[in-house]
Amino acid sequence: MGQFAFITGIFGQDSRFLTKHLLDKNYTVYGMMRRSSKLSAMQDFIKDFGDKVKLRYGDMTDPSSIRKILAEAEPDEVYNLAAQSDVRVSFDIPEYTAEVNATGVVDLISAMREIVPQAKLYQASTSECFGRSKPPQNETSIFQPTSPYGTAKLHAYWEVRNAREGYNMFACNGLLFNHESEYRGENFVTRKITSSIARIVKGKQQCLSLGNLDAKRDWGSAQDFVKAMWMMLQHDKPDDYVVATGIAHTVREFLEMVLQCSGISYWHECSSDPLEEKYYNSKTGKVIVKIDPSFYRPVEVDYLLGDSTKIRNTLGWEPEVTLEQLVSIMYKHDFEVQ
Ligand code: NDP
Ligand code: GDR
């Protein structure tokens, strides 16, 4: 008989790819959805996977719901992907972010120790734990999170390490750098750009407003990164790993890659005042991209660049999709669906 897996946050971007990866390997997959999950997210998921995934209601803020699913599923592997995952929004709802991203993990670990002590745990940790730590960041870099999201995820990181070291749990933190796809939420900058530029090309949107164009991120492909999650749980001992491509770009560079891909002929107006920076459509003369300070964050993470030597050498993981390919996949998808 195949293995059993339990994924929290089943309708999120990463779960789409992880579910496919696990079903291809003959796992029985249980997924936790919320009562408040969007109906369209559920419909899209069911369109892809039919009734192959056993969907159950639950919430990271309701430990009894997690216990119930663990008792029913008796998973061999638990992938905790559920989170209030929006860094900017975490400044507006810090307490809720901590409840879901930190306390929720404390409860999950406690429930696993009681109900399925042999099960392995993958915790979706993040490069946001490094925050302003000097790049390139690896497993030995200091943690300097600069958002309520980052601090809550760091709390969870230490809970996972303590469960591993103190209670002998097979528990791993994946310190994943930004990873994207056509399933990325439109609240995140990459998908916001690809979907907006596609709408602008089709005449359905006039202009795209963005925040800080100078932030640098190490963007990879979600499809590549979920394989790393699974590989961590197949290794003979649990550990924590950075997962990243090792190449960083600014938001401005990402935007210009999408503009090139869209075929829009544009010109760019620089200014010493970032609020005056603009991109124009050179055929119409209209502004297509401008800066809106409401997208700035109280504290910004300026430069994330991952050094993933450890996972490459220990588990043999390698990213396959380049950023150019990723931009093309995302833009083409958005152009078709707009
Ligand atoms: P998404 O935002 O796409 O998905 C998050 C999921 O969590 C959603 O399905 C959401 O449910 C669910 N969720 C939110 N709050 C709760 C709650 N209270 N109880 C139960 N479920 C909840 O995230 P990604 O797929 O991009 O990321 C997966 C995980 O990896 C997250 O934990 C994220 O923080 C982390 N991460 C992501 C990175 C990335 O670049 N994508 C990088 C590093 C870490 P609903 O559908 O109902 O809204
Ligand atoms: P991030 O991703 O905060 O790195 O968190 P996001 O795409 O939101 O921001 C990346 C960078 O782009 C800048 N930016 C904007 N961001 C958004 N969302 N909207 C804008 O209009 C905009 N303009 C500029 C931001 O300031 C930032 O510097 C993601 C999430 O998936 C987390 O859950 C995950 O842990 C980290 O990646 C790794």
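The values are calculated or read from the model by the stated rules, or taken from the named source; none is laboratory data. The structure displayed is predicted, hence computed values, not measured ones. Quick reminder, even Gly has a Cβ in these numbers, built from the backbone with ideal geometry, and neighbours come from all protein chains shown. Keep in mind that these areas ignore ligands, DNA and RNA; they rest on the heavy atoms of the full protein, side chains included. Shrake-Rupley method; radii C 1.70, N 1.55, O 1.52, S 1.80 Å.
Taking segment 165-225, which GluC sites (Glu not before Pro) meet the DSSP loop condition and have no more than 16 other C-beta atoms within 10 Å?
Working: sites: GLU165, GLU180, GLU182, GLU186; in loops: GLU182, GLU186.
Counting only loop positions with at most 16 other Cβ atoms within 10 Å, the GluC sites (Glu not before Pro) in segment 165-225 are GLU186.
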Electrostatic dipole magnitude of segment 175-321 [Cβ: Lys, Arg +1; Asp, Glu -1; Cα centre; debye, to 20]:
660
Which one of LEU323, LEU175, LEU304 has the biggest mean-square fluctuation once the chain is modelled by GNM with Cα springs under 10 Å?
LEU323
What distance in nm separates the simple spin-label points at ARG199 and ASN162, each placed 7 Å from Cα in the Cβ direction?
4.4
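Once you have the alpha carbon radius of gyration of the chain, what is it after dividing by 2.2 N^0.38 Å, with N set to its residue count? Can you show the working numbers first?
Details: Rg = 20.2 Å, N = 338, 2.2 N^0.38 = 20.1 Å.
Compactness ratio reported: 1.01.
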How much FRET efficiency would the formula 1/(1 + (r/R0)^6) give for LYS25 and ASP86, where r is the Cβ-Cβ distance and R0 is 25 Å, rounded to 0.05?
0.25
Rounded to the nearest 20 debye, dipole of the chain from Cβ charges on Lys, Arg, Asp, Glu
660
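Quick check: residue separation of GLN3 and LYS332 times 0.36 nm, minus the Cα distance between them. What number comes out in nm? Don't skip to the end; give the middle numbers.
Working: separation 329, 0.36 × 329 = 118.44 nm, distance 3.56 nm.
That pair, GLN3 and LYS332, stretches by 114.9 nm at full extension.
So what is the orientation-averaged projected area of segment 268-338, using the convex hull of its C-alpha atoms, in nm²?
On the way: hull surface 34.2 nm².
So the mean shadow area of the Cα hull is 8.6 nm².
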Give the carbon-plus-sulfur fraction of the accessible surface of segment 183-338 in %, rounded to a whole number; probe 1.4 Å, heavy atoms of protein chains only.
50
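Using r as the Cβ-Cβ distance of GLU114 and ILE247, and R0 as 45 Å, what FRET efficiency do you calculate, to the nearest 0.05?
Working: r = 43 Å, r/R0 = 0.95.
In this case the efficiency is close to 0.55.
Of the GluC sites (Glu not before Pro) in segment 250-279, which ones lie in a loop per DSSP and count no more than 16 other C-beta atoms within 10 Å? Provide the component values of the computation, followed by the final result.
Values: sites: GLU253, GLU256, GLU269, GLU276, GLU277; in loops: GLU277.
Those that pass, being in a loop and sparsely packed, number zero.
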Scattering profile of segment 109-191 at q = 0.16 Å⁻¹ [log10 I(q)/I(0), Debye over alpha-carbon scatterers]:
-0.72
Which whole-number value in Å² is the accessible area per residue of segment 114-249, probe 1.4 Å?
37
What translational diffusion coefficient, in µm²/s and rounded to a whole number, does the Stokes-Einstein relation yield for segment 213-325 at 37 °C and a viscosity of 0.692 mPa s, taking the hydrodynamic radius as the Kirkwood radius over Cα pairs?
196
Computed Rg/Rh of segment 80-232, alpha carbon atoms with Kirkwood Rh:
1.02
Would you kindly state how much longer the chain becomes between HIS235 and SER265 on full extension, computed as 0.36 nm times their sequence separation minus their alpha carbon distance, in nm to one decimal?
5.9 nm
Along the Cα→Cβ direction, 7 angstrom out, place labels at ASP292 and MET42. What is the inter-label distance in nm?
3.1
If you average the alpha carbon positions of segment 9-54 and of segment 138-208, how far apart do those two centres end up, in angstrom?
19
Just to make sure I understand: if all protein chains stay in place, what is the order of LYS202, LYS68, LYS192 by accessible area at 1.4 Å, largest first?
LYS68, LYS202, LYS192
So if I place +1 on the C-beta of Lys and Arg and -1 on the C-beta of Asp and Glu, and nothing else carries charge, what would the dipole magnitude of segment 16-174 be about its Cα centre? I want it in debye, nearest 20.
300
